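Working notes, beginning with the structure itself.
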Amino acid sequence: MDLDSLKQAFNKYMEEGEEPQAFFAPGRVNLIGEHTDYNGGHVFPCALSVGTYALARKRKDRKICLYSMNFPDLGVIEVDKENLHYVKEREWSNYPLGVTAIFQKEGYEIKAGFDVTFYGNIPNGAGLSSSASIEVLTAVMLRELFDIKINMIDLIKLTQRAENEFVGVNCGIMDQFSIAAGKRDHAILLNCETLEYAQTPLKMDGLILVIANTNKRRGLAGSKYNERRSECEAALRILKQELEIDTLGDLTNKTFEKYAHLIKDSNLKKRARHAVYENNRTLMAVEKLNEGDIEGFGQLMNDSHRSLRDDYEVTGKELDALVEAAWKEGAIGSRMTGAGFGGCTISIISEDKVERFTERVGKEYTRKTGLEAEFYVVEVGDGAKPLGERKG
Ligand code: GLA
């Protein structure tokens with residue numbers, strides 16, 4: 001995107017003053033490792049080339065002035081930096097305000113107020129982490145504007161806390177991590193317990209990644225997400241009576257099967273089985289990718305979807321319809337991505353089949369659900385960064 005229209009919006013909605021600085025943070029898509037992050041497991045996401053842009057500048061007083069080109073009806077949101085709390089009606093601006101509040105709470109000095117204008121080109125509500133994108137963008141912006149000394153891992157943890165504590169969504173660390181640490185043409189294998197990570201080249205000659213958006217509104221997503229978390233925590237408590245483990249991510253499939261009988265509730269057992277198998281599947285999938293075995297990687301993506309459908313029960317008829325159509329149309333691998341309950345799927349397909357694929361999968365999806373899917377070819381981009389000459 002060119003920054004001209006963002007600059008115009010900045011000039012229109014903010015008071016006159018110094019030139020603002022430009023920042024970018026991507027969206028993300030997860031290739032495999034779903035609902036494993038808050039279970040101490042591994043994830044394998046990558047940063048997208050689409051994301052959120054911001055122009056920002058320090059003020060001389062304590063006011064924070066925020067405007068988003070995506071939500072013009074809300075106008076400029078003005079808040080005192082010493083008085084930050086969650087207000088539902090402030091909608092999107094709770095993300096940047098939450099990050100600012102957590103920075104201050106942790107003793108990072110935000111010496112003055114600031115003006116920011118945002119523009120995002122991540123499809124809205126599609127499960128591609130537009131909210132984590134604004135959070136990480138805000139954190140990078142605060143770091144640069146106020147010369148804050150903070151390393152990347154601490155910055156990521158603070159943005160996750162902003163979402164947990166300020167916004168009240170109990171998310172894991174995957175989204176914020178991949179958005180901050182993403183690298184062009186690489187995916188990130190992250191151990192969510194230790195936060196050790198490896199940027200892994202995505203070598204896929206002649207193949208591409210395609211995101212398909214169900215365009216289904218994710219109504220109950222928040223509460224169902226928190227419910228899955230507590231189900232996994234309950235299963236872990238039961239297993240801990242017999243096993244010396246800290247998280248479900250500590251278990252091999254074999255050990256899990258040996259002790260699964262301890263979990264009497266069949267739903268809890270299924271949730272835990274998904275968390276354990278998905279974590280081990282993610283490690284196996286990355287091995288396959290590194291060996292150049294894309295078919296093997298794709299099979300594991302398909303297994304991941306089945307497990308999310310049958311054991312974790314977070315797919316729903318729209319995601320299932322898209323994935324089944326993709327399997328039928330020769331996808332090398334296809335699965336739901338993100339939290340589920342709507343949102344997007346991710347598929348690996350041959351570059352030369354993309355047109356036929358989107359046409360046929362789109363038709364089949366509409367026939368089954370009455371909804372229109374949207375397709376985007378994935379470009380894997382870099383993590384969050386300042387833009388422009390001044391900060392490279
Ligand atoms: C959402 C959360 C992540 C992760 C995924 C499921 O995107 O924000 O932390 O739990 O769902 O893998």
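The values are calculated or read from the model by the stated rules, or taken from the named source; none is laboratory data. In this text, all values refer to a predicted model and were calculated from it rather than measured experimentally. With ideal geometry, Cβ positions are generated from the backbone for all residues, glycine too; neighbour counts draw on all protein chains shown. Surface accessibility is based on the protein's heavy atoms, side chains included, excluding ligands, DNA and RNA. Shrake-Rupley method; radii C 1.70, N 1.55, O 1.52, S 1.80 Å.
Rounded to the nearest 500, what is the 222 nm mean residue ellipticity of the chain from helices alone, with -39500 (n - 2.57) per DSSP H run of 4+ residues and division by all residues?
That calculation yields -12500 deg cm²/dmol at 222 nm.
Would you mind checking the pairs 157/224; 63/111; 81/157 and listing those with alpha carbons more than 18 angstrom apart?
The answer is 157/224; 81/157.
Using alpha-carbon positions, what is the distance between the centroids of region 299-327 and region 222-244, in Å?
Region 299-327 and region 222-244 have Cα centres separated by 22 Å.
If each residue of separation counts as 0.36 nm, what is the full-extension length gain between residue 185 and residue 352 once their alpha-carbon separation is subtracted?
Net length gain for the segment: 58.2 nm.
In a shell of Cβ-Cβ distance under 12 Å around residue 365, excluding residue 365 itself, what net charge do Lys and Arg (+1) and Asp and Glu (-1) give?
Once all neighbours under 12 Å are counted, the net charge is -1.
Tell me, what is a quarter of the convex hull surface for the C-alpha atoms of region 215-285, in nm² with one decimal?
Average of the hull's projected areas for region 215-285 equals 5.9 nm².
Going by the alpha-carbon gyration tensor, a ≥ b ≥ c the square roots of its eigenvalues, is region 114-244 rounded (a/c under 1.5) or, if a/c is not under 1.5, prolate (a/b greater than b/c) versus oblate?
Rounded is the answer for region 114-244, as its axis ratio a/c remains below 1.5.
So if we plug the beta-carbon distance of residue 257 and residue 226 into 1/(1 + (r/R0)^6) with R0 = 30 Å, what FRET efficiency do we get, rounded to 0.05?
Given R0 = 30 Å and the Cβ-Cβ separation, E is 0.60.
So what are region 65-122's ellipsoid semi-axes, whole angstrom, largest first, if each one is the square root of 5 times an eigenvalue of the alpha-carbon gyration tensor?
21, 12, 11
Excluding residue 113 itself, what net charge comes from residues whose Cβ is under 14 Å from its Cβ, given Lys and Arg +1 and Asp and Glu -1?
Net of charged neighbours comes to 0.
Tell me, what is the per residue accessible area of the chain in Å², probe radius 1.4 Å?
With the other protein chains kept in place, the chain gives 44 Å² per residue.
What relative contact order, as a whole-number percentage, does the chain give when Cα pairs under 8 Å and 6 or more residues apart are counted?
With pairs under 8 Å counted, the relative contact order is 24 percent.
Once you compute Rg and the Kirkwood Rh from C-alpha atoms, what is the Rg to Rh ratio for region 206-361?
My calculation of the ratio gives 1.02.
Take the Cα coordinates of region 1-98, assign each an equal point scatterer, and use the Debye formula without solvent to give log10 I(q)/I(0) at q = 0.12, 0.23 Å⁻¹.
At q = 0.12, 0.23 Å⁻¹ the computed log10 ratios are -0.54, -1.25.
Write down the Kirkwood hydrodynamic radius of the chain, to one decimal in angstroms, obtained as one divided by the mean of 1/r over all alpha carbon pairs.
It is 21.6 Å.
Be a star and scan region 143-161 for residues whose amide nitrogen sits under 17 Å from the point 7 Å along the Cα-to-Cβ vector of residue 105.
Residues 154-161 fall inside that zone.
Using only the C-alpha atoms of region 95-158, find the volume of their convex hull and express it per residue in Å³.
90 Å³
List the trypsin sites (Lys or Arg not before Pro) within region 86-175 that fall in a DSSP loop (any state other than H, G, I, E or B) and whose Cβ has at most 10 other Cβ atoms within 10 Å.
Those that pass, being in a loop and sparsely packed, are 149.
So, in Å, what gap is there between the alpha-carbon centers of region 36-109 and region 344-392?
Each part reduced to its Cα centre gives a spacing of 26 Å.
Counting only protein heavy atoms, what percent of the accessible surface of region 72-153 is carbon or sulfur at a 1.4 Å probe?
Heavy-atom surface of region 72-153 belonging to carbon and sulfur, 1.4 Å probe: 44 percent.
Of the accessible area of region 186-283, with the probe set at 1.4 angstrom, what percent is carbon plus sulfur?
Using a 1.4 Å probe with all protein chains present, region 186-283 comes out at 46 percent carbon and sulfur.
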